[in-house]
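Quick notes on the structure that follows.
FYI, it's all coordinate maths here, none of it is from the lab. The model shown is predicted, which means the values in this text are computed figures rather than measured ones. Counting neighbours? That spans all protein chains shown, and the Cβs are built from the backbone with ideal geometry, glycine included.
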């Protein structure tokens, strides 16, 4: 009598169960990784546009603004006046320094809306930032910071990132739960 080789049904079921558990863990980790990468990319773009606006204000020696816009890619973009920046935003030379794109202003850049359902919102009801010729932000009080909070489509602490904007034009990107407190100025990413 020869011995049969192969797997028993119990061994096969154990291997399939372990494979399913590993697949669930891998898919969950991958989803978190892609959500985190997505929001980080969008915040990096925002920071880049803010740095560009500040650099242009310094270079031109005049006022440059960046504002939230719901029609940023149209031929005649406007500032939306809202605090939701995921719908797009524009950078422009702001002749009268009012933070609103209009007659006499020159459009410098426009950023399309996020392609994902991620969000980017500003604290303190800020819908625009205006940099003066010295690189300072005109519409932020000296003792405050505006926090731009980016959330992935499904908000979670692991996929939340923030950008703080201070009066002197400094930008800081932080992860959920971190923040700053010194000299009467404090903020946290939540």
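Points to keep in mind about this one:
- Subtracting the Cα-Cα distance of residue 14 and residue 115 from their residue separation scaled by 0.36 nm leaves 32.2 nm.
- For the pair residue 171 and residue 103, a Förster radius of 45 Å applied to the C-beta separation gives a FRET efficiency near 0.90, rounded to the nearest 0.05.
- Set against the labelled values (i) 1.26; (ii) 0.97; (iii) 0.94, Rg/Rh (Cα atoms, Kirkwood Rh) computed from this structure falls on (i).
- Ranked 27, 145, 47, 165, criterion: other C-beta atoms within 10 Å, fewest first: 27, 47, 145, 165
- Rel. contact order, % - alpha carbon contacts under 8 angstrom, at least six apart, the stretch 9-188: 19 percent
- Of 104, 41, 19, the residue with the greatest mean-square motion in the GNM of the chain, using alpha carbon springs below 10 Å, is 19.
- Label-to-label distance for residue 185 and residue 136 is 1.2 nm, based on points extended 7 Å past Cα in the beta-carbon direction.
- Label-point separation in nm, residue 125 to residue 60, each point 7 Å along Cα→Cβ: 2.8 nm
- Ranking of 89, 180, 101 by count of other Cβ atoms within 10 Å, fewest first: 180, 101, 89
- Footprinting exposure proxy for 187, 85 (fewest neighbouring C-beta atoms within 10 Å first): 187, 85
- Residue-averaged [θ]222 nm for the chain, counting only DSSP H segments that reach four residues, each worth -39500 (n - 2.57): -10500 deg cm²/dmol
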